[in-house]
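Visitor: Input: one structure, supplied below.
All of the numbers you see were taken from the coordinates with simple rules; none came from a lab. Predicted model, so just to flag it, every value in this text is computed and none were measured. Note: ideal-geometry Cβ built from the backbone for every residue, glycine included; neighbour counts use all protein chains shown.
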Amino acid sequence: MRYVKGTLNFGVMFCANQNCVLQVYSDSDYGGSDDMKSTSGYYFNLGSGVFTWCSKKPDIVAQSTAEAEFIAAAAAANQAL
């Protein structure tokens, strides 16, 4: 309870001015686990605040590093839409 009381005014600031920019980052790890599935992830920034993120193993096995990166980028694009 002491932590909650001390952090009541904490929060995420998305945009303090008119220069609010949406940024999306995605990345993947090709075949880095024992089951040969890649791990992909993304996160979205608005201003200086992260408002959504995901990290998971896709249901399909990528055949190359480029395909693993494409899968991560496609997941981020799907979330954006």
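Visitor: To make sure I understand, if each residue's beta carbon is the centre and we count other beta carbons within 10 Å, what order do Y42, Y3 fall in, fewest to most?
Guide: Working: Y42 22, Y3 6.
Arranged by neighbour count, lowest to highest, Y42, Y3 become Y3, Y42.
Visitor: Give me the dipole magnitude in Debye, nearest 20, for the chain about the Cα centre, with unit charges on the beta carbon: positive for Lys and Arg, negative for Asp and Glu. Before the final figure, lay out the partial values.
Guide: Working: 5 positive and 7 negative charges, 120 e Å.
In debye, rounded to 20, the chain gives about 580.
Visitor: Now for a separate question. Going by alpha carbons, how many degrees (0 to 90, nearest 10) lie between the helix axis of 65-80 and the longest principal axis of the chain?
Guide: Rounded to the nearest ten degrees, it is 40.
Visitor: Pairs of Cα atoms under 8 Å, at least six residues apart: use those to get the relative contact order of the chain, whole percent.
Guide: 28 percent
Visitor: Also, I was wondering about something else. Using a cut-off of 28 Å between alpha-carbon atoms, which lysines can reach K37, once sequence neighbours fewer than 8 places away in the same chain are excluded?
Guide: Cα-Cα hits under 28 Å: K56, K57.
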